[in-house]
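As structure tokens, the structure follows; a few thoughts come after it.
The values are calculated or read from the model by the stated rules, or taken from the named source; none is laboratory data. Keep in mind that what you see is a predicted model, and the values were worked out from it rather than measured. In this analysis, Cβ positions are derived from the backbone assuming ideal geometry, glycine residues included, and neighbour counts consider all displayed protein chains. Please note that ligands, DNA and RNA were not included when accessible areas were found on the heavy atoms of the full protein model with its side chains. Shrake-Rupley method; radii C 1.70, N 1.55, O 1.52, S 1.80 Å.
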Amino acid sequence: EQDKKSRTTPEVQESGAQRKRDIAFPPRHLSIYVACHPGLQPVLDDELTQLGIAHKMKGNGATLLSPTLDDLMRCHLYLGTAANVFLHCGEPFGARALGELKRKVSIMPWKQIFDIENGAAPEFHVRVATAKSRLIHSTAVRDRVLEGIFEALGVENRMDSEPSEDRPSAVRLAVQVYRDKVQISIDTSSTPIHQRGYRLETAKAPL
């Protein structure tokens, strides 16, 4: 009986490690969420259906089912009512304190997400939204997320030089904290999709 327990223990430990690997980024498949403004969900649903992209409506947007990079590109090219297209960096994880948040962010394999050239990390612009959670200070949440990313990348902390949102070279991260669950996503839309071509040609005009 003791030999039987010794034989089964490694298998149990391996299955636990396997489950841990399954939730890490990059995931086995892309996880994409298309957001829209309230009231536009039916129109977004029709647009995605016409494009032949399998999806499920959820909240103010749609979760793509088994998406591909081609689906991601088509969303940017052809959707007219979507606001942003988010690429989730793995599954949501629990965090109830700033130290716990930084620690869990730092163990995510960010080197597999971003290419580091000459020891320089990409520039980040972080947008934070918190609700019904112990982590309520958006600036502190942003700082801990960036500290965790820079620690994982092994580069110098560059939080003091966070670029403006309109800088095209910046990587836009969206951090959502809801009921002590943290979801980190890459905002793949430089500007809201529904604003493409809006007021590009302007000129001075009298009141």
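Side notes on the structure shown:
- In order along region 102-108, the Karplus-derived 3J(HN,Hα) couplings, from 6.51 cos²θ - 1.76 cosθ + 1.60 at θ = phi - 60°, round to 4, 4, 6, 5, 5, 8, 6 Hz, and Gly and Pro are given as x.
- Among the listed pairs 56/132; 58/132; 102/132; 104/181; 102/181; 58/111, those whose Cα-Cα separation exceeds 23 Å are 56/132; 58/111.
- Here residue 66 sits with roughly 100 square angstrom of accessible surface, probe radius 1.4 Å.
- The chymotrypsin sites (Phe, Trp or Tyr not before Pro) of region 63-134 meeting both criteria, a DSSP state outside H, G, I, E and B (loop) and at most 16 other C-beta atoms within 10 angstrom of the site's C-beta, are 114.
- Carbon/sulfur fraction of accessible area - region 57-99, other protein chains in place, 1.4 Å, %: 62
- Take the Cβ atoms of residue 131 and residue 191, set R0 to 25 Å, and the FRET efficiency comes out at 0.50.
- Grouping the Cα pair distances of region 167-207 into 5 Å bins from zero gives a pair-distance distribution of 5, 16, 15, 17, 14, 13, 8, 6, 5, 2, 0 percent in increasing distance order.
- Looking at region 24-120, the trypsin sites (Lys or Arg not before Pro) that sit in a DSSP loop and have at most 16 other Cβ atoms within 10 Å of their own Cβ are 28, 58, 96.
- Largest-first ordering by accessible area, 1.4 Å probe, given options 202, 49: 202, 49
- Computed label-point distance, nm, for sites residue 204 and residue 37 using a 7 Å Cα→Cβ extension: 3.1
- Calculated FRET efficiency for the pair residue 96/residue 58, C-beta based, R₀ 25 Å, to 0.05: 0.50
- Interatomic Cα distance distribution for region 47-115, bins of 10 angstrom, percent: 15, 40, 27, 17, 1
- Available extension along the chain between residue 78 and residue 157 is 24.6 nm, counting 0.36 nm per residue and deducting the alpha carbon span.
- Between residue 49 and residue 120, the contour length at 0.36 nm per residue exceeds the alpha carbon distance by 21.4 nm.
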